[in-house]
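What follows is a single structure, written as structure tokens, with notes after it.
The values are calculated or read from the model by the stated rules, or taken from the named source; none is laboratory data. Quick caveat: nothing in here was measured; it's all calculated off a predicted structure. Cβ atoms come from the backbone with ideal geometry, glycine included; neighbour counts cover every protein chain shown. Note: areas computed on protein heavy atoms with side chains; ligands, DNA, RNA excluded. Shrake-Rupley method; radii C 1.70, N 1.55, O 1.52, S 1.80 Å.
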Amino acid sequence: MNAIVSNIVLVVAMILTGCGASDGRRNETKVQQASQTTQLKMKFRADSAYENIRRQVEMGPRVPGTDAHRRCAEFLVSELARHGCDTILVQNAIVSAFNGDELPISNIMGRFNPGNNRRILLVAHYDSRPWSDNEDRESDRHVPVDGANDGASGVGVLLEVARVLGVERPDVGVDLLLVDAEDYGDSSGFSNKEDTWCLGTQYWIQRMPYSADNRPVYGIVLDMVGGTNARFHREYYSNQAAPAVVNKVWGIAAREGLSKTFIDDVGGSIIDDHVFINRAGIPCIDIIECNNAITHSFPPTWHTRSDNMSSIDQRSLQAVGKVVMAVIDSESSSR
């Protein structure tokens, strides 16, 4: 990253999702299914997650530096507080984008059981793309993206997770990290432009609020998890860097009857927040639609003006939310 000037408001924390090119390489690694069914007590509600998405989108595109972006950050902090997070950390900074823009960012973290040294990290980005650069018409490519799926969907799921955890406290420590400036990257050549994405996460990994004793045992990024008829393949870099976590999550999905949504095969390779979190020493995977049945890559709405509320499918939200809650429940049950 270019030079960064920080202005810490409450305490350091944060991360999320920049999406790069897709690679169709496949892998024969298969899900290791658990032998027992998780006894889920914590109930995820897709309609609540959907409402969380709608409230973000109605503010307008959450491009860093805009009023919509500022109001969304305030909304996220207030919702985490309302849902009973034990600690809320906000990290404000100025980061430099690839095109020279100076971006005011706010990474936001809500923590449950901050005193528990066994922790898991759940991540999503809340900013939206400043340009609809995947539109066919050149005149449409300068319009900001609503980011209902690419941005708001992962955040919507995590806010619903926060609601559930506030009612039924987990035995494990859970950190919900809502990162900024994930989607301000240079799409002209992903192979050598990866550092232009996930600016909030890159800033966060240099200032993580952890010691050697309480660093999360693993992380899960949620990105583009609300698309119509979404299917989630094993993302390539996740499978390479954190295979045990992929096996765990996809195994839980199969056990919960979701093997037709969580596909036991490798999809694309994605430059997203998980890449940088892995480099920081936390095994991290990406739940992301990266082998769409139509595009064989990202959903058709990716970086277009069609990434609005009409593209959100509550069935996809329910599947992802159920799996995430089952993962948390499995950690609580194992203690």
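Shown for the chain: the carbon plus sulfur share of the solvent-accessible area, taken with all protein chains present and a 1.4 angstrom probe, equals 46%.
Converting phi to 3J(HN,Hα) with the Karplus coefficients 6.51, -1.76 and 1.60 and the offset θ = phi - 60°, the stretch 114-119 yields x, x, 8, 6, 8, 9 Hz in sequence order, with x at every glycine or proline. In a fully extended conformation the segment linking residue 54 and residue 137 would gain 27.2 nm over its present Cα-Cα distance, using 0.36 nm per residue. Among residues other than residue 276 with Cβ under 11 Å from its Cβ, the summed charge is -4 (Lys and Arg +1, Asp and Glu -1). Based on DSSP H segments of at least four residues, each scored -39500 (n - 2.57), the chain has a per-residue ellipticity at 222 nm of -9000 deg cm²/dmol. Rolling a 1.4 Å probe over the protein chains gives residue 54 an accessible area of about 80 Å².
Computed over protein heavy atoms with a 1.4 Å probe, the accessible surface of the stretch 46-331 works out to 32 Å² per residue. Counted residue by residue at 0.36 nm each, then reduced by the alpha carbon distance between them, the extension gain from residue 308 to residue 82 reaches 78.7 nm. Counted as membrane-span-like here are DSSP H helices of the chain whose alpha-carbon atoms extend 15 Å or more along the helix's own axis and whose Kyte-Doolittle mean is 1.0 or above; these are 154-167.
Within the same chain, aspartates and glutamates fewer than 8 places from residue 322 are excluded, and of the rest, those with a Cα less than 12 Å from its Cα are 160, 256. Between residue 195 and residue 217, residue separation times 0.36 nm minus the direct Cα-Cα distance comes to 5.5 nm.
With a cut-off of 8 Å between alpha carbons and a minimum separation of six or more residues, what is the relative contact order of the chain in percent? Dividing the mean separation by the residue count of the chain yields 29 percent. Remark on residue 128: its backbone amide H falls under 5 Å from those of 62, 63, a criterion applied only to residues 5 or more positions apart or on other chains, H modelled at 1.01 Å from N. For the set 77, 161, solvent exposure ranked by accessible area (probe 1.4 Å, protein chains only) runs largest to smallest as 77, 161. Only beta bridges with both residues in the chain are counted; by DSSP, about 50 percent of them are antiparallel. Exposed loop sites are taken as GluC sites (Glu not before Pro) in a DSSP loop (any state but H, G, I, E or B) with at most 16 other beta carbon atoms within 10 Å; the longest stretch of the chain without one runs 169-335. The residue among 126, 69, 46 whose Cα reaches farthest toward the positive pole of the charge dipole of the stretch 42-140, with charges on the beta-carbon of Lys, Arg, Asp and Glu, is 46.
Hey, how much of the P(r) for the stretch 147-297 falls beyond 28 Å, as a percent of Cα pairs? Distances greater than 28 Å cover 17 percent of the Cα pairs.
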